[in-house]
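Structure record follows, encoded as structure tokens.
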Amino acid sequence: MIKFYSSKYISGFLVSVAIAIAMLAGCKKNSGDGSMDPSTPPDLTTIIRSSVSGFVTDENNQAVNQATVKVGTSTITTDKYGYFEINNIDVIKDAATVTVIKPGYFKGIKTYIAAEGKPAFFRIKLIPKTNSGTFNGGSGGAVTLSNGLKITLPANAVVNASSNAAYTGTVNVAAYWINPTSSDLPNNMPGDLRGINTAGNAQLLTTYGMAAVELTGNGGELLQIASGKKASLSLPIPASIAASAPPNIPLWYFDEAKGLWKEEGSAAKNGNSYVGEVSHFS
């Protein structure tokens with residue numbers, strides 16, 4: 001959404017607790033069959049022609065019809081089977097992205113390394129965007145999900161995302177925890193587990209949990225954390241990986257514009273959760 005696998009969406013913020021793992025040059029990281037040298041930053045300027053197809057499903061594994069799919073400068077919609085196909089479109093070679101938009105869901109975003117003559121294929125499972133709770137923007141508050149995900153904001157920490165005006169009304173919180181041990185992880189996580197650390201080097205990541213969060217006001221307007229304020233996030237650690245979870249871990253956010261994770265901050269293990277702070281949700 002440990003590696004705080006953090007991912008920024010226009011409509012929300014996906015953060016992930018993640019750590020860098022050993023990488024080998026030429027490691028294949030996507031269904032586009034491209035390759036990269038992890039010792040250097042990805043090339044985000046070279047353009048290549050690519051074709052991509054796939055299926056989009058909802059949280060119940062049902063086909064999503066009429067979802068908007070964007071690849072490069074091309075936009076199409078899924079059919080009744082949730083299928084999409086885009087051929088011969090210009091994309092960024094080392095970080096081509098497929099973005100799926102459907103009302104009621106967080107964006108589905110996949111990243112791949114494009115290769116000449118080798119079409120990419122994805123199965124994308126959308127994350128539902130449902131209201132998880134509310135609090136007052138003036139006094140602050142916390143929203144906790146039944147799975148243990150908790151979002152806490154201090155008083156006067158929310159502004160209108162478009163105007164930057166202070167917001168003190170009811171804040172609606174849509175939140176979703178992505179279980180790092182779930183078999184659905186490859187389908188509903190954003191990106192492809194490649195990141196750029198604070199030194200500017202490429203990293204291959206492994207996640208201990210992710211969260212997608214969106215704040216909206218009474219009128220449906222997007223809200224954001226005020227400058228100088230931070231929100232606290234507590235992400236549960238599944239019992240099956242608790243023993244291997246390190247005491248401290250980098251926090252990463254997903255840069256939607258680049259299609260890659262970026263390191264920003266850290267999280268600490270506190271009991272059966274990772275706790276860290278973020279300064280924005282989009």
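The values are calculated or read from the model by the stated rules, or taken from the named source; none is laboratory data. On a predicted model such as this, the values are computed, not experimentally measured, just so you know. Glycine gets a Cβ as well: all are built from the backbone with ideal geometry, and neighbour counts include every protein chain shown. What goes into the accessible areas is simple: the full protein's heavy atoms, side chains included, and nothing from ligands, DNA or RNA. Shrake-Rupley method; radii C 1.70, N 1.55, O 1.52, S 1.80 Å.
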**Study point:** Nearest-20 debye value, the range 70-198 charge dipole, Cβ charges on Lys, Arg, Asp, Glu
**Key:** 200
Study note, to complete from the structure: Reported to the nearest 10 Å², Glu116 has, with a 1.4 Å probe, an accessible area equal to 130
Exercise for review: Only Cα pairs under 8 Å and at least 6 apart count here; give the relative contact order of the range 36-131 as a rounded whole percent.
Suggested key: 34
Practice item. Return the carbon/sulfur percentage of the accessible area of the chain, one whole number, probe 1.4 Å, all protein chains in place. Key: 49
Check your understanding: Roughly speaking, what is the centre-to-centre gap between the range 143-175 and the range 52-68 when only Cα atoms are used, to the nearest Å?
Key -> 29
Review point. What value, in deg cm²/dmol to 500, does the helix sum -39500 (n - 2.57) over DSSP H runs of n ≥ 4 give at 222 nm once divided by the residues of the chain?
Key: 0 deg cm²/dmol
Revision key, fill the gap. Which of (i) 19.0; (ii) 19.6; (iii) 21.6 is the computed Kirkwood radius over Cα pairs in Å? It is (i)
**Study point:** Beta bridge orientation in the chain: antiparallel %, DSSP, nearest 5
**Key:** 90
Exercise for review: Determine the alpha carbon to alpha carbon distance for each of Lys107/Lys129; Lys150/Lys230; Lys70/Lys102; Lys150/Lys258 and list only those over 20 Å.
Suggested key: Lys150/Lys258
Point to revise | Å² of accessible area per residue within the chain, as computed with a 1.4 Å probe and no ligands counted | key: 42
Review point. Can you put Arg194, Arg123, Arg49 in order of accessible area, largest first, using a 1.4 Å probe?
Key: Arg123, Arg49, Arg194
**Study point:** Cα→Cβ-extended label distance, 7 Å offset, between Asn160 and Thr198, nm
**Key:** 3.6
Practice item. Taking the Cα centre of the chain as origin, work out the dipole magnitude from +1 charges on Lys and Arg Cβ and -1 charges on Asp and Glu Cβ, in debye rounded to 20. Key: 220
Revision key, fill the gap. For Lys118 the rounded accessible area (nearest 10 Å², probe 1.4 Å, non-protein molecules ignored) is 100
